[in-house]
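The values are calculated or read from the model by the stated rules, or taken from the named source; none is laboratory data. All values reported here derive from a predicted model rather than from experimental measurement. Ideal geometry is used to build each Cβ from the backbone, glycine not excepted, and the neighbour counts take in all protein chains shown.
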């Protein structure tokens, strides 16, 4: 079960890209202020803080919520003209770094209007929260990594047109340290990881108490989003679609496909049942019978 529930608190998992965008990507003053606070934390903008931004792709729930093609990144433009793309990345397989570079190049190309001079190109910043750790030959415990375009030996900057920030949530030592011993970005990352885990609700509450404005603002928005049935159902739809797609596209998993798919159906059905979703609706989403659902 991915829910964190107390008598007065319900939290959806923020590592879900849909929930992440619902919290930070809605074109409201409340969401905008929270996102600005997060960006200033990540980009360390104490001296030159972001004060305003415009959403380029505000959050909305499409008619077919199960489509893989749903755009789940958050694209904004700051008052200084910077283009920023923020993503929650759960899948880091399949040449993850190359994919991020491709996204960054597309963003840079999108920011240059047809016929516009190159000197007028806007700065592009890609920020990716990674649920685990990025595979690498170099072992380090650096949670936040920043990459720019520089010469290999002298490290002379080629251009500041592209900047990549990766926050590897899997490197945060939250299991070994209480919230007050974590740094501000580590506290926020721990909150992202633990917010939907029912076994970590006590730790989450401590993070809310100790994490400052960035976590308190995020928590207020997350609890609000988590109460919206349409958003919860959209997450169930998306996870169910992705589960089926994953089983179908992997030749290595063809053996035992039906059994694995049934187990996946039951896992999602159980979560929906624990969320209070009516049995007939669960049956419609998962294809299980009402008897099978009642026996879970």
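The set of residues in region 206-218 being in contact (Cβ under 8 Å) with a residue 60 or more places away in the chain and either surrounded by fewer than 23 Cβ atoms within 10 Å (Cβ to Cβ) or more than 14 Å from residue 20 (Cβ to Cβ) (or both) consists of 213, 214, 217. Output yes when any residue across region 216-228 is in a helix (DSSP H, G or I), more than 25 Å from residue 143 (Cα to Cα), at pLDDT below 80 and within 26 Å of the chain's Cα centre (by Cα), and no when none is. No, there is no match, as no residue in region 216-228 is in a helix (DSSP H, G or I), more than 25 Å from residue 143 (Cα to Cα), at pLDDT below 80 and within 26 Å of the chain's Cα centre (by Cα).
Could you tell me whether residue 195 is touching a strand residue (DSSP E or B) at 6+ places or on another chain (Cβ under 6 Å) and closer than 25 Å to residue 278 by Cβ? No, not satisfied.
Residues that are surrounded by fewer than 17 Cβ atoms within 10 Å (Cβ to Cβ), touching a strand residue (DSSP E or B) at 6+ places or on another chain (Cβ under 8 Å) and either at pLDDT below 85 or at negative phi (or both) are absent from region 236-244 altogether.
State which residue is nearest to residue 214 (Cα to Cα) when the search covers only region 11-31 and only residues that are touching a strand residue (DSSP E or B) at 6+ places or on another chain (Cβ under 8 Å) and not in a loop (DSSP other than H, G, I, E, B). Here the residue is 24. For the structure I just gave you, tell me whether residue 158 is exposed (fewer than 12 other Cβ atoms within 10 Å of the Cβ) and either assigned to a helix (DSSP H, G or I) or over 16 Å from the mean Cα position of the chain (by Cα) (or both). Yes. Cβ-Cβ contacts under 6 Å between residues 6 or more apart (or on different chains), taken from a first residue in region 80-99 that is at pLDDT below 80 to a second residue that is buried (at least 18 other Cβ atoms within 10 Å of the Cβ) and not in a loop (DSSP other than H, G, I, E, B), are listed as 92/130.
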